[in-house]
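The values are calculated or read from the model by the stated rules, or taken from the named source; none is laboratory data. Keep in mind that what you see is a predicted model, and the values were worked out from it rather than measured. Here the Cβ positions follow ideal geometry from the backbone for every residue, glycine too, while neighbour counts run over all protein chains shown. For accessibility, only protein heavy atoms count, side chains too; no ligands or nucleic acids. Shrake-Rupley method; radii C 1.70, N 1.55, O 1.52, S 1.80 Å.
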Amino acid sequence: FERGMRAQLDTWRQRLTMGEGRIGWKMGYMDSALRARLGLPHPLVGFLTTGRRIPDGGVLHCAPETRLLAESEVALRLGRDLAPGCTPGEAADAIDALAPAMEIVDVTRPLEDMALILAGNLFHAAVVLGPPLTRRKHEPLPDVTGGLWVNAIQQGTVDPASLLQNPGALLAQVAGLLGRFGEGLRAGDWIITGSVVKPGPVQAGDRVVVDLGALGRAALRIDRG
């Protein structure tokens, strides 16, 4: 974990230096049963920058042989910084908006070494954020329903067991993990919190839509690059 995170954050800092903008962070390995099999004590963290952001309804270009999966996620935005050691309650109170999100992951070359997975930013290929929904302090999160559509055909529905029950606890944990490497969560950061629908395979020519009911929709088209 230490080796992989240091390599990942070195890449992140290089991208920011080269002009990419900071978006926030992504969560991986949210399934507790999977983590138990792998011996992971906590979810993993990756980064999001503007270099891999696709506008809602935009186009992602990919090579024909690329193996891609689409993940349907809930995105949380922070209204203020969160320092390592913050409480789950403080972290929950910092959430000022939510949005539907789609992450595309590239599994063309599956990896098993955890350091390499982290250094490679958890297979991240692209992210789409739908329109934000402003949240007032202490306001409950909206019901998340719906699913994933590819070419207007539903590929999966929201799994209630995958929905985040305690977002404040997750954010506090992320603040602590990043703090171990001299980084932290900042106001304006978006955090995508893991797929709430079974990830579905997508390819060039597909139009992909994540519809999370009251939370809204996010979409993209995939073309050959």
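Within the stretch 194-224, being out of contact with any Asp or Glu (no Cβ under 9 Å at 6 or more places or on another chain) and among the basic types (Lys, Arg) holds for 207, 224.
For the stretch 146-165, the set of residues classified as over 16 Å from the mean Cα position of the chain (by Cα) and open to solvent by 50 Å² or more (accessible area, probe 1.4 Å) consists of 149, 151, 152, 153, 154, 155, 157, 159, 160, 161, 165, listed by residue number.
From the list 35, 15, which one is outside any loop (DSSP other than H, G, I, E, B) and at pLDDT below 95? That would be 35, the only listed residue that is outside any loop (DSSP other than H, G, I, E, B) and at pLDDT below 95. Scan the stretch 125-143 for residues that are buried (at least 20 other Cβ atoms within 10 Å of the Cβ) and either closer than 14 Å to residue 99 by Cβ or out of contact with any helix residue (DSSP H, G or I) (no Cβ under 8 Å at 6 or more places or on another chain) (or both) and the total you get is 4. Just one residue in the set 53, 77, 67 is closer than 21 Å to residue 109 by Cα and not hydrophobic (A, V, I, L, M, F, W, C); that residue is 67. Annotation: residue 37 fulfils all but one of (1) open to solvent by 10 Å² or more (accessible area, probe 1.4 Å); (2) touching a residue at least 40 places away in the same chain (Cβ under 8 Å); (3) closer than 25 Å to residue 114 by Cα; the unmet one is (2). Take residue 179 and decide whether it is surrounded by fewer than 19 Cβ atoms within 10 Å (Cβ to Cβ) and either touching a Phe, Trp or Tyr at 6+ places or on another chain (Cβ under 9 Å) or not acidic (Asp, Glu) (or both). Criteria met by residue 179. Go through 119, 175, 115 for me and flag whichever is in contact with a strand residue (DSSP E or B) (Cβ under 6 Å, 6 or more places away or on another chain) and aliphatic (A, V, I, L, M). Checking each option against the conditions leaves just 175.
Only one of the listed residues (9, 48) is touching a residue at least 40 places away in the same chain (Cβ under 8 Å), open to solvent by less than 20 Å² (accessible area, probe 1.4 Å) and part of a helix (DSSP H, G or I). That residue is 9. Sort out which residues of the stretch 21-54 are charged (D, E, K, R) and touching a Phe, Trp or Tyr at 6+ places or on another chain (Cβ under 9 Å), and write them in order of number. 22, 26, 35 - these are the residues of the stretch 21-54 that are charged (D, E, K, R) and touching a Phe, Trp or Tyr at 6+ places or on another chain (Cβ under 9 Å).
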